[in-house]
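S.K.: Pasting in a structure now, in structure tokens, and then I'll have a few things to ask.
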Amino acid sequence: MPELSSGQRVGRESGRFLRCCGLTTTPPSPCVQPCCRPLCYEQSERRLHKSLQMKMEEMSLSGLDNSKLEAIAQEIYADLVEDSCLGFCFEVHRAVKCGYFFLDDTDPDSMKDFEIVDQPGLDIFGQVFNQWKSKECVCPNCSRSIAASRFAPHLEKCLGMGRNSSRIANRRIANSNNMNKSESDQEDNDDINDNDWSYGSEKKAKKRKSDKNPNSPRRSKSLKHKNGELSNSDPFKYNNSTGISYETLGPEELRSLLTTQCGVISEHTKKMCTRSLRCPQHTDEQRRTVRIYFLGPSAVLPEVESSLDNDSFDMTDSQALISRLQWDGSSDLSPSDSGSSKTSENQGWGLGTNSSESRKTKKKKSHLSLVGTASGLGSNKKKKPKPPAPPTPSIYDDIN
Amino acid sequence: MCKDYVYDKDIEQIAKEEQGEALKLQASTSTEVSHQQCSVPGLGEKFPTWETTKPELELLGHNPRRRRITSSFTIGLRGLINLGNTCFMNCIVQALTHTPILRDFFLSDRHRCEMPSPELCLVCEMSSLFRELYSGNPSPHVPYKLLHLVWIHARHLAGYRQQDAHEFLIAALDVLHRHCKGDEVGKAANNPNHCNCIIDQIFTGGLQSDVTCQACHGVSTTIDPCWDISLDLPGSCTSFWPMSPGRESSVNGESHIPGITTLTDCLRRFTRPEHLGSSAKIKCGSCQSYQESTKQLTMNKLPVVACFHFKRFEHSAKQRRKITTYISFPLELDMTPFMASSKESRMNGQLQLPTNSGNNENKYSLFAVVNHQGTLESGHYTSFIRHHKDQWFKCDDAVITKASIKDVLDSEGYLLFYHKQVLEHESEKVKEMNTQAY
């Protein structure tokens with residue numbers, strides 16, 4: 001039998017084109033080459049055998065010798081070859097006549113693009129592994145562009161299903177009830193807690209003031225129970241308190257709370273801030289005030305260790321340290337300060353605009369100069385002798 | 001006259017129709033059908049090859065950069081980005097998109113969406129997923145829409161955490177089945193239980209449970225639809241392994257090395273007659289008394305795609321662990337010994353060896369393997385996919401690499417996907433039987 005390559009139809013018997021074995025498990029779909037293996041040898045052998053049998057029945061076997069048989073076999077063989085050739089000819093003829101003969105010409109260059117690559121270190125497309133960190137997608141819920149490898153944790157928070165989602169949502173509700181201005185800031189808080197959050201770095205500076213989640217697991221856990229139901233219990237129930245209600249606390253508890261947490265009382269919620277002692281939303285002055293208010297005039301702001309809480313964003317350590325120092329020293333320059341609080345601070349110091357100006361220049365300089373901020377700290381300490389004043393509405397205006 | 005051969009469209013059309021009629025006649029009289037089709041009624045004809053129409057020819061003429069898809073083409077393979085612990089989803093997607101019959105369904109655009117809001121239809125998303133994965137695009141696809149839809153429709157799976165691939169498979173099939181409303185071919189109006197959507201056609205098998213009363217030998221039979229078969233492994237606390245020495249070997253061509261459990265062993269155990277103890281007496285329907293009984297599970301109806309799940313994650317009262325015993329599984333599997341029809345020989349404890357009878361009805365080929373590496377708490381899923389016969393690829397999230405058959409067969413195995421080799425015509429008689437069974 002002549003060697004036939006795949007793709008050719010063969011044979012023609014009684015007016016119908018013979019297909020090949022015809023056994024395919026899947027019906028061929030248009031995009032896949034129709035299965036047409038050449039007439040398999042078993043079938044052609046069978047046919048040969050059958051024709052031989054038929055011919056032998058025609059003539060009696062007795063008068064035949066080897067050469068005659070040979071001749072018959074040759075004849076049958078020639079028949080089959082002729083059939084298949086003719087079949088092929090008809091095929092080509094039909095293709096030319098109906099105009100699809102050219103389809104067989106394929107473009108070898110573009111075919112090379114799709115060849116499977118089988119080399120170590122490369123995938124089948126010839127690409128290097130692990131280069132897909134920059135893939136992004138659009139969240140169907142909030143329509144924001146998210147890094148693909150962080151999509152699942154984002155979606156969890158976005159749909160309100162995560163561990164912290166209910167707490168974040170609560171805070172948002174509590175805040176939006178009182179303040180309309182800061183709503184847009186709070187919205188982005190969900191993602192601040194994402195690690196490797198690939199948002200624009202320019203936004204980080206703006207969000208620094210609210211970067212500390214008061215309810216993150218690293219906060220003093222013992223006090224979480226006092227907040228109401230545990231938010232871990234049911235992610236779909238909303239937690240109604242974001243701070244600590246100090247009326248319920250005893251003196252000992254208050255004392256211990258004030259040694260570990262900011263404790264500044266928010267004017268709107270009348271609750272104590274549960275953030276760390278270096279919480280940038282409140283000043284040291286406020287913290288001191290609160291402590292004196294609760295614990296008496298001898299209360300001292302506990303020394304804060306310089307351990308950093310970097311769960312929010314990945315900055316370098318030195319940068320974080322410097323930003324904290326700046327917050328501590330430049331209370332009158334924090335974005336949350338209103339004009340009234342600035343003036344009251346300045347009165348206390350008597351330095352007026354000079355100090356603020358000098359501090360502004362410090363910020364413009366490179367972050368490496370620690371010398372500049374020292375004076376800021378120094379002037380901060382002068383505030384101690386100031387008489388305690390109950391929290392005034394002016395200080396708390398823009399904080400939350 | 002030009003004395004040339006002429007091809008007239010009308011005459012050819014007539015010839016085709018006549019041939020179809022002749023074949024239908026042939027099909028209804030013979031017991032064994034010679035041509036394989038999807039089980040869509042009315043298709044009693046030879047599968048027509050694709051012939052170009054005039055407008056298509058013109059279009060093709062304008063585009064000389066044609067490619068013929070060969071078996072060494074990357075088309076059909078594409079990586080999937082891990083969205084954060086979603087390797088379990090990626091493996092199941094790879095397995096489903098390489099299920100031949102499902103692939104043909106979706107690539108021929110057979111889905112007609114009847115959902116009130118098509119953007120929430122998981123079947124539409126599957127369709128789009130198939131288009132993406134078969135596009136030939138080398139950069140990996142980001143299946144974020146799929147994740148979103150699955151979380152919406154299968155709430156119990158929602159959440160950023162590592163999950164079980166098998167659980168995901170069942171949930172995904174369930175949602176797809178629910179959303180397939182528009183595709184039911186020949187809805188059986190009287191029988192709401194018999195859905196004829198593509199998921200049911202492909203994945204649903206019938207598991208027969210026979211409870212035999214020891215006293216009167218009356219058998220009570222129930223048939224439950226199932227999408228997969230979960231198999232206990234040796235070494236689990238629930239196992240009962242009658243590992244008798246010197247038993248017959250190389251059923252299904254598995255290399256039978258003593259000490260290594262095979263898939264066939266697991267199936268044998270699954271379908272063995274189990275004697276329910278005296279504490280579990282069941283009221284027999286025929287003799288109306290509480291008697292001890294024997295229960296046996298067999299396959300009543302084999303699905304087109306059989307999914308085997310090894311119960312490797314054990315959550316018992318004593319312990320939670322992963323059973324990492326290697327189970328050897330074959331490339332080709334014959335399910336005949338585990339059918340309900342082979343039950344009689346099983347009652348004696350003998351396993352009827354499949355003979356080489358030309359009966360291909362119950363023969364299956366492996367096309368996807370999902371593996372888990374790691375511990376019960378944390379691990380990573382990868383999968384092996386058969387792209388063409390004897391051409392396997394390892395899919396590890398975004399990275400697809402060529403794999404050898406040995407790699408596939410040596411892997412631990414957690415989910416195994418087998419596809420029937422021969423798809424039958426569903427004759428009217430068989431359809432009737434199926435509706436009664438459910």
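The values are calculated or read from the model by the stated rules, or taken from the named source; none is laboratory data. All values reported here derive from a predicted model rather than from experimental measurement. Every residue, glycine as well, gets a Cβ built from its backbone with ideal geometry; the counts of neighbours run over all protein chains shown.
S.K.: Give the residue that is farthest from the chain's Cα centre (by Cα), with candidates limited to residues of the stretch A:103-134 that are facing chain B (nearest Cβ under 7 Å) and part of a helix (DSSP H, G or I).
M.R.: Once the filter is applied, the top-ranked residue is A:Leu103.
S.K.: Then there is this: Please find, within the stretch B:229-261, the residue that is nearest to B:Tyr364 (Cα to Cα) out of those that are modelled with pLDDT of 85 or more and out of contact with any Phe, Trp or Tyr (no Cβ under 7 Å at 6 or more places or on another chain).
M.R.: Top of the filtered list is B:Ser230.
S.K.: Identify all residues within the stretch B:286-333 that are surrounded by fewer than 16 Cβ atoms within 10 Å (Cβ to Cβ), farther than 18 Å from B:Thr222 by Cα and among the small types (Gly, Ala, Ser); write none if there are none.
M.R.: B:Ser289, B:Ser316, B:Ala317
S.K.: Here is a list: A:Ser198, A:Ser182. Which entry is touching a strand residue (DSSP E or B) at 6+ places or on another chain (Cβ under 6 Å) and modelled with pLDDT under 50?
M.R.: Going through A:Ser198, A:Ser182 in turn, the sole match is A:Ser198.
S.K.: In the stretch B:72-153, which helices (runs of 4 or more DSSP H) lie fully inside it and hold 3 or more residues that are within 20 Å of the chain's Cα centre (by Cα)?
M.R.: Answer list for the stretch B:72-153: B:87-97, B:100-107, B:122-133.
S.K.: Being not small (Gly, Ala, Ser) and not in a loop (DSSP other than H, G, I, E, B) is the filter here, so list the residues in the stretch B:61-71 that pass it.
M.R.: Listed by number, the list holds a single entry, B:His62.
S.K.: Another one. Take the residues in the stretch A:135-162 that are basic (Lys, Arg) and more than 7 Å from chain B (Cβ to nearest Cβ); name whichever of them is farthest from B:Asn137 (Cα to Cα).
M.R.: Selected residue: A:Lys157.
S.K.: Next up: Tally time: how many residues in the stretch A:86-102 are loosely packed, with under 13 Cβ neighbours inside 10 Å and at the interface with chain B (Cβ under 10 Å from one of its Cβ atoms)?
M.R.: Total satisfying the criteria: 1.
S.K.: Another question, if that's okay. Across the stretch B:62-81, which residue is surrounded by the fewest Cβ atoms within 10 Å (Cβ to Cβ) among those that are more than 7 Å from chain A (Cβ to nearest Cβ) and farther than 14 Å from B:Asn137 by Cβ?
M.R.: Restricting to residues being more than 7 Å from chain A (Cβ to nearest Cβ) and farther than 14 Å from B:Asn137 by Cβ, the top hit is B:His62.
Quick grid of which residues meet (1) more than 7 Å from every other protein chain (Cβ to nearest Cβ); (2) touching a His at 6+ places or on another chain (Cβ under 6 Å):
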position: B:Glu132; (1), (2): yes, yes
position: B:Asn137; (1), (2): yes, no
position: B:Pro143; (1), (2): yes, no
position: B:Leu147; (1), (2): no, no
position: B:Leu157; (1), (2): yes, no
position: B:Tyr160; (1), (2): no, no
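S.K.: Being surrounded by fewer than 13 Cβ atoms within 10 Å (Cβ to Cβ), more than 11 Å from chain A (Cβ to nearest Cβ) and either assigned to a helix (DSSP H, G or I) or at pLDDT below 75 (or both) narrows it down to one of B:Glu17, B:Glu45, so name that one.
M.R.: It is B:Glu17.
S.K.: Let me ask something else about it. So, in the stretch B:298-340, how many residues would count as being touching a helix residue (DSSP H, G or I) at 6+ places or on another chain (Cβ under 8 Å) and part of a helix (DSSP H, G or I)?
M.R.: Residues flagged as touching a helix residue (DSSP H, G or I) at 6+ places or on another chain (Cβ under 8 Å) and part of a helix (DSSP H, G or I) within the stretch B:298-340 amount to 3.
S.K.: Answer yes or no: is there a residue in the stretch A:58-68 that is among the acidic types (Asp, Glu) and either more than 8 Å from chain B (Cβ to nearest Cβ) or part of a helix (DSSP H, G or I) (or both).
M.R.: Scanning the stretch A:58-68 turns up at least one residue that is among the acidic types (Asp, Glu) and either more than 8 Å from chain B (Cβ to nearest Cβ) or part of a helix (DSSP H, G or I) (or both).
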